[in-house]
1. Across the range 24-51, what is the number of residues that are out of contact with any helix residue (DSSP H, G or I) (no Cβ under 6 Å at 6 or more places or on another chain) and in contact (Cβ under 8 Å) with a residue 12 or more places away in the chain?
2. State whether the residues of the range 56-75 include one that is surrounded by 10 or more Cβ atoms within 10 Å (Cβ to Cβ), in contact (Cβ under 8 Å) with a residue 40 or more places away in the chain and among the small types (Gly, Ala, Ser).
3. If I ask for residues that are β-branched (Val, Ile, Thr) and crowded, with 16+ Cβ neighbours inside 10 Å, which ones from the range 1-46 would you list?
Amino acid sequence: MRIDLFLKSSRIVKRRSLAKELCDKGMVKINGKTAKASREVSEGDEIEIDTLTKYLKVKVLEIPKEKNISKKRARELYKIIEERKKDIREIIDLL
């Protein structure tokens, strides 16, 4: 499954277009390497999303076979390894 579709299906990101945009801007990594929106994701992969205000690292537990997934089921597709909001000093350093 493509990374942009996985991020949307798992509800990590609300819209596929936003997932694609994050990938295009280099904010998404799979196993430490910058990922394009079309990059395939597999079980066991680690996904990092590093935006201006938040950092999220998850491990893919399962790739869904169906398109429509419930909220409960979506949460079972991944495990959060690390999640943190960036404080104002980190944001200013990035600018």
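1. Total meeting the criteria: 18.
2. Yes, some residue in the range 56-75 is surrounded by 10 or more Cβ atoms within 10 Å (Cβ to Cβ), in contact (Cβ under 8 Å) with a residue 40 or more places away in the chain and among the small types (Gly, Ala, Ser).
3. Correct list: Ile3, Ile12, Val13, Val28, Ile30, Val41.
We did not get these values from a lab; they are worked out from the coordinates using the rules stated. Keep in mind that this is a model prediction, so the values were computed, not measured. Note that each Cβ is placed from the backbone with ideal geometry, even for glycine, and that neighbours are counted across all protein chains shown.
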